[in-house]
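First the structure, in the form of structure tokens, and then the observations on it.
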Amino acid sequence: MEAIFILVILLVIYGAVSLRVLKQYERGVVFLLGKFAGVRGPGLTLIFAPIQQMTRVSLRTVTMQIPSQKIITKDNVSIDIAAVAYYHISDPEKAVIAIENVYNAINQISQTTVRNVVGRFSLDQLLSDTASINDQIKNVIDLHTEPWGTQVTAVEIKDITLPDNMQRAMAKEAEAERERRAKIVAAEGEYQAAVKLGQAADIITQHPVALQLRTLQTMAEIAVEKNSTIIFPAQFMTTVQEAIALLSKDSASK
């Protein structure tokens, strides 16, 4: 009886030790005597050691920092680029059997891919078309990692460090571009002003009195300050009288 009791106790202890709990985001890759025996889902499961072993695999998205590295662009500019990659395991069996360490493998292939892809573009393309370059890097990495049961969801270049001399050159270029735009705007303003002055001259040519009226208006504006003395030549007064007479004639004829 004592032997049976001890055996029952040992079986209970063995059963308790054999219990495994998998979380919702985990999968268990089970091996029976070293051979693949299936993938267990979340919840309570039994693993009969030592004939069975189970490796836990997380299906959550992993954020992986791609270290900064020096890259020479297509136009021979040396820059430092740091990026970040997001991936998750889509096939737990392949992630355990096909590769020893998924994280390290993806990290290494990501560094190589970033260097190779970015090196095919010039600096201007890299700064202006970053989104397209990110997609190309993601597609290349995903092509390499697919046999490992992982899927790369996104790759983002997060930091581009330029040499000091290149930063100064770009600052000068931006300043020259702003000056060019300012000169173009000023030239367009001069052109529009010249067009309006030409139109005004045409109107004054058709109506000579308009010039005298404009002169009177200018004098009235000057006289507002009450600190100027205006001398009217006799010829000017005659012209003014002729202008007033002409206006009176036009009014009477209407």
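Being over 36 Å from the mean Cα position of the chain (by Cα) and assigned by the TED database to the domain that holds THR153: is that true of GLU93 here? Taking the combined requirement at face value, the residue satisfies it. Regarding segment 78-95, can at least one residue be identified that is open to solvent by 40 Å² or more (accessible area, probe 1.4 Å) and among the aliphatic types (A, V, I, L, M)? No, the conditions are met nowhere in segment 78-95.
Answer yes or no as to whether PRO163 is exposed (fewer than 14 other Cβ atoms within 10 Å of the Cβ) and without any contact (Cβ under 8 Å) to a residue 60 or more places away in the chain.
In short, no.
Please verify whether THR112 is without any contact (Cβ under 8 Å) to a residue 12 or more places away in the chain and surrounded by 11 or more Cβ atoms within 10 Å (Cβ to Cβ), treating the condition exactly as stated. Yes; evaluated as a whole, the condition is true for this residue.
Residues that are open to solvent by 50 Å² or more (accessible area, probe 1.4 Å) and farther than 26 Å from SER58 by Cα within segment 133-157 comprise just one, GLN136.
How many residues does segment 52-89 hold that are touching a residue at least 40 places away in the same chain (Cβ under 8 Å) and more than 18 Å from ALA37 (Cα to Cα)? Total satisfying the criteria: 25.
Restricting to segment 15-31, name every residue that is open to solvent by less than 90 Å² (accessible area, probe 1.4 Å) and over 16 Å from PRO92 (Cβ atoms).
GLY15, ALA16, SER18, LEU19
Checked against (1) touching a strand residue (DSSP E or B) at 6+ places or on another chain (Cβ under 9 Å); (2) open to solvent by less than 80 Å² (accessible area, probe 1.4 Å); (3) outside any loop (DSSP other than H, G, I, E, B), TYR103 passes all but condition (2).
The values are calculated or read from the model by the stated rules, or taken from the named source; none is laboratory data. Predicted model, so just to flag it, every value in this text is computed and none were measured. When we count neighbours, we look across all protein chains shown, and the Cβ atoms used for this are built from the backbone with ideal geometry, even at glycine. Please note that ligands, DNA and RNA were not included when accessible areas were found on the heavy atoms of the full protein model with its side chains. Shrake-Rupley method; radii C 1.70, N 1.55, O 1.52, S 1.80 Å.
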